[in-house]
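A short reminder: the numbers here are calculations on the coordinates, not readings from a lab. Predicted, not measured: the structure shown is a model, and the values here were computed from it. Note that we place each Cβ from the backbone using ideal geometry, even for glycine, and neighbour counts take in every protein chain shown.
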Amino acid sequence: MTHTSVILALVVVTALGFDFTNGFHDTANAMATSIATGALKPKAAVALSGVLNLIGAFLSVEVALTVTNAVVKIQSSSGAPRPELLADGGSALLLIVLAGLVGGIVWNLLTWLLGLPSSSSHALFGGLIGATVAGLGWAGVNWNGDGSKLDGVVGKVILPAFMSPVIAGVVAATGTWLIYRVTAGMAERFTRHGFRWGQIGGASLISLAHGTNDAQKTMGVITLALIAAGDWTDTGNIPFWVKAACAVAIALGTYLGGWRIIRSLGKGLVEIAPRQGLAADSTSATVILASSHLGFALSTTHVATGSILGSGVGRPGAQVRWRVAGRMFAAWLITLPAAAIVGALMWWIGNVLGGGLVGSTVVFVILLVLAALMYLRSRRIRVDHHNVNDAWEGDPVAAPAAEASPAAESVPVRAAT
C-alpha cells in the first residue's frame, strides 16, 4: 500500500467520523419538538430519524456536488486539474481535506459538549476554507464560482446561511398564528391527537430532508479526496460506495441521539406545544427539501432553530427565551471562522512535519486525543433520553432538574431566562 493510499484511508475514516458527529449533532433539528411535546418517545424519535436519514441520503446528489466543486478550486481556468494540488500523489489536497475535516469535527464536538445547536455544515465549510487558505492562499477558495453568477462559497453557503433562518422564522410564525386562529374554538382533546400525528409527519420529513442535505456534504468531501488521490475523475457524479458509507454513518450518529442539543432546542428556546411543533416541523422540512433540490448546502440547524423561534413568536402569549437564542446566534456567527482557524492550524501542523504520511498521521492523532478529552468531559454531567425533557433551568449543560415538566398545551410558559 502506498503512502497516498494510507493518507486517503485516513481522510475517508475522518470524513465518516465527521458524518457520524453530524448525525448526533443535528438529530435535534428533526426531533427536538416532537420529543418536547411528547409526540414521540425519545428513543423512538431518534430511531425513526436514523432510518429516514439513511433513506434520504440516496435521494439526491446536488449538495454533494456543491461540496466537491464549490469550496476548493480543484480546476484551473482552462478546466484542467491544478497540478499543485495533485503533486506527490495528491497529498497536498489530501492534507487540506483532512485538516478541514478535523476543524469541523472539533467544533461539532465542542458545541455538542456545550449544548449549542451550531451548524455542522458551517463547521465543515469553515474547516475546509481555513485549510485551503492556509495551503493555497485566498485565491485557492472558490468564492464565486465562475464569476457569472453567485455561486461557490458565497452563493451556495454564505447567502443561504443568512437567508434560511429568516425565511423559516417568518413562515413558522405565520403558520403558527394561522393554526391558532383556525383552531381557537376547538377543545384540546379534539386537536391534540391530530397535531401529534402531524408533528410526527413533519419530523419525519425533516429527517428525510436532513439525509438529502447533510449526508451529501460528506459524500462531496470523500469524492474530493478520491479526486486528489487519482481514484476518481468525474466531478459530476458520486461513487455508490461513498453514498452508502455516508448514509450509514449519519444514520448511526442520528440514532446515538445528541441529547444535549435536543434538550437545548426542545426546552431552551420556548415551551413548545403540539400546534407550534407542527408549524415548526412543516416549515423546516419545506425549506430544507427546497434547498437540497437547488443544491444549496444550507444549515439544517439554522432552519430548525429559526422555525422554532418563529413558532414562539407566532403563538399568542408565548414567551421566547431570547438570552438562550442569543447564545445560539453567537455560536452561529463564530462557527465558520472558529472551524477555519482550527482547520488552518491543523494544516500548518501537518505541513511543518513535511505533509505526506507523517503530517497526516499526526493530525489524525491530535483529532483522536481532542475527541477523547471532550467525550470524557461530557460524562461528568450526563444528558440522555431519561432526562432530556426535564424542566429547563437555564443551562443546557447543567444537571437537569429531577422533575420533568409535562408537555401539554395547558402548561404555563416559564419566565424568560
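For the pair residue 197 and residue 362, the difference between a 0.36 nm per residue extended length and the Cα-Cα distance amounts to 54.4 nm. Shown for 233, 33: other C-beta atoms within 10 Å of each C-beta, ranked fewest to most, produce the order 233, 33. In the structure shown, the pairs 41/267; 43/243; 41/217; 156/267 are assessed against 22 Å; a Cα-Cα span above that value is assigned to 43/243; 41/217; 156/267.
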